[in-house]
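Asks: Here's a structure for you.
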Amino acid sequence: MDWFGHLNVLSLESRRSEEMETLIRKYGGTPQVAPSMREVKLDLSGPLAQFERDLAAGDIHAVACLTGVGTRMFLKELAARDPRHLETLRGVPLIARGSKPAQALKSFGLPSVLVPRPCTWHEVTEHLLATLTRGQHAVVLEYGDALPTAMRRELGYAGIRVTSVPVYRCAFPQDPAPLARAVRDVVLGGPDILLLSSGTQLLHFLKYAEKLGLLDEARAGLARLVVVSIGPACSEAAADLGLRIDLEANPHKMGILVRMAAEHGPGLLAQRLGRAG
């Protein structure tokens, strides 16, 4: 199998950019990896103090952990304030949105309930609605972006109090030159396939295109690409931003993402170009 067949493959991966480039080359693609974001840790002193008070008062009835990074950051700082907090947390239902937050919790000796696939905020919301009652309090560790308004609304209608704790935010990379180059290349029709491993990657791509005064052109360029998503949460975020997803990895892992794109992307691209012609 020729896999990518030397097609130009764009990825906006940041934390695992070198691994992504290696995978694209492995499957015969010409990689362009443009880091689109960096994680900026926020000051947790205020939220942690309130969390401690609520935990001591028995007024936390569930903690929903949305990412491994955010969960690990939060627990590390919580344990630094008082290691006994971790023991207290063992008596609180801990909900993990996927394997990474579950692994982060396990590394601190904490059990968790893993929501069903596809492990989006919808499944987290459904679990909280099914297990909490009116007046109870859920703490949600955010994952780079604010909680979806629909999630807050659904829980609010059920009378569930929600406290969201923003552990970190996603900012533009310190060196935005590769991202700027990627925007211009998409406008000029360079890449053939786009790999997305988070919705924030696409959001930052579009924000930077707007910053360059190329938003409409970038959107038109993206519409020509075969777009492959790592999973439902990413696909949903892309749809909210107006981007069509052609393929979705299952299982939702980086290696599967690249392999699926290599296996099916060239054929989809040929079909699209044939229709366009």
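The values are calculated or read from the model by the stated rules, or taken from the named source; none is laboratory data. None of these values were measured; they are calculated from a predicted model. Cβ: placed from backbone, ideal geometry, glycine included. Neighbour counts: every protein chain shown. Just so you know, the surface numbers come from the protein's heavy atoms only, side chains and all, with ligands and any DNA or RNA stripped out. Shrake-Rupley method; radii C 1.70, N 1.55, O 1.52, S 1.80 Å.
Asks: Can you tell me which residue within segment 228-267, out of those that are surrounded by fewer than 16 Cβ atoms within 10 Å (Cβ to Cβ) and basic (K, R), is nearest to I24 (Cα to Cα)?
Replies: K253
Asks: Name the single residue, out of those in segment 154-171 being modelled with pLDDT of 95 or more and not in a strand (DSSP E or B), that is surrounded by the fewest Cβ atoms within 10 Å (Cβ to Cβ).
Replies: My answer is Y157.
Asks: Something else now. Got a sec? Which of E52, E39 is surrounded by 15 or more Cβ atoms within 10 Å (Cβ to Cβ), over 29 Å from C234 (Cα atoms) and charged (D, E, K, R)?
Replies: E52
Asks: Does segment 49-60 hold any residues that are farther than 14 Å from R84 by Cα, assigned to a helix (DSSP H, G or I) and touching a residue at least 24 places away in the same chain (Cβ under 8 Å), and which are they?
Replies: Q50, D54
Asks: Sticking with this structure for a sec: So which residues in segment 129-154 are under 20 Å from C65 (Cβ atoms) and either among the charged types (D, E, K, R) or touching a helix residue (DSSP H, G or I) at 6+ places or on another chain (Cβ under 6 Å) (or both)?
Replies: Across segment 129-154, the qualifying residues are A138, L141, E142, Y143, G144, D145, P148, M151, R152, E154.
To keep it simple, each residue is scored yes or no on (1) outside any helix (DSSP H, G or I); (2) among the acidic types (D, E); (3) without any contact (Cβ under 8 Å) to a residue 60 or more places away in the chain.
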{"residue": "A239", "(1), (2), (3)": "no, no, yes"}
{"residue": "I245", "(1), (2), (3)": "yes, no, yes"}
{"residue": "L257", "(1), (2), (3)": "no, no, no"}
{"residue": "A262", "(1), (2), (3)": "no, no, no"}
{"residue": "L269", "(1), (2), (3)": "no, no, no"}
{"residue": "G274", "(1), (2), (3)": "no, no, yes"}
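Asks: Do any residues in segment 66-81 that are free of Cβ contacts under 8 Å to residues at least 60 places away in the same chain have Cβ atoms under 6 Å from those of residues that are open to solvent by 20 Å² or more (accessible area, probe 1.4 Å) and of a type outside the set (D, E, K, R), where the two are at least six apart or on different chains, and which pairs are they?
Replies: Pairs that qualify, where the first residue is free of Cβ contacts under 8 Å to residues at least 60 places away in the same chain and the partner is open to solvent by 20 Å² or more (accessible area, probe 1.4 Å) and of a type outside the set (D, E, K, R), are L75/F108; L78/H85; A79/L86.
Asks: Tell me which of these G28 doesn't satisfy, since it passes every other one: (1) more than 18 Å from the chain's Cα centre (by Cα); (2) open to solvent by 30 Å² or more (accessible area, probe 1.4 Å).
Replies: (2)
Asks: Would you pick out the residues in segment 209-227 that are within 15 Å of L243 (Cβ to Cβ) and open to solvent by 10 Å² or more (accessible area, probe 1.4 Å)?
Replies: E210, L215, D216, E217, R219, A220, A223, R224
Asks: Within the set of pairs 6+ apart or on separate chains, which have a first residue in segment 195-209 that is more than 13 Å from G144 (Cβ to Cβ) and assigned to a helix (DSSP H, G or I), a second that is among the acidic types (D, E) and open to solvent by 20 Å² or more (accessible area, probe 1.4 Å), and C-beta atoms under 8 Å apart?
Replies: Listed by first residue and then by second, the contacts come to A209/E217.
Asks: Which one is nearest to the chain's Cα centre (by Cα) among residues in segment 113-136 that are hydroxyl-bearing (S, T, Y) and buried (at least 20 other Cβ atoms within 10 Å of the Cβ)?
Replies: That would be T120.
Asks: Something else about it: Take A138 and decide whether it is touching a residue at least 12 places away in the same chain (Cβ under 8 Å), in contact with a Leu (Cβ under 6 Å, 6 or more places away or on another chain), closer than 30 Å to T30 by Cα and not polar (S, T, N, Q).
Replies: Spelling it out, it is not the case that A138 is touching a residue at least 12 places away in the same chain (Cβ under 8 Å), in contact with a Leu (Cβ under 6 Å, 6 or more places away or on another chain), closer than 30 Å to T30 by Cα and not polar (S, T, N, Q).
Asks: Among the residues of segment 203-237, which ones are touching a strand residue (DSSP E or B) at 6+ places or on another chain (Cβ under 6 Å) and not polar (S, T, N, Q)?
Replies: L225, V226, V227, V228, C234
Asks: Which pairs turn up if I take residues in segment 15-33 that are over 23 Å from Q174 (Cα atoms) and look for partners that are polar (S, T, N, Q) and open to solvent by 30 Å² or more (accessible area, probe 1.4 Å) with beta carbon separation below 8 Å, at least 6 apart in sequence or on another chain?
Replies: I24/T30; G29/N8; T30/N8
Asks: I need the full set of residues from segment 172-186 which are surrounded by 15 or more Cβ atoms within 10 Å (Cβ to Cβ) and part of a helix (DSSP H, G or I), in order please.
Replies: Result: P178, L179, A180, A182, V183, R184, D185, V186.
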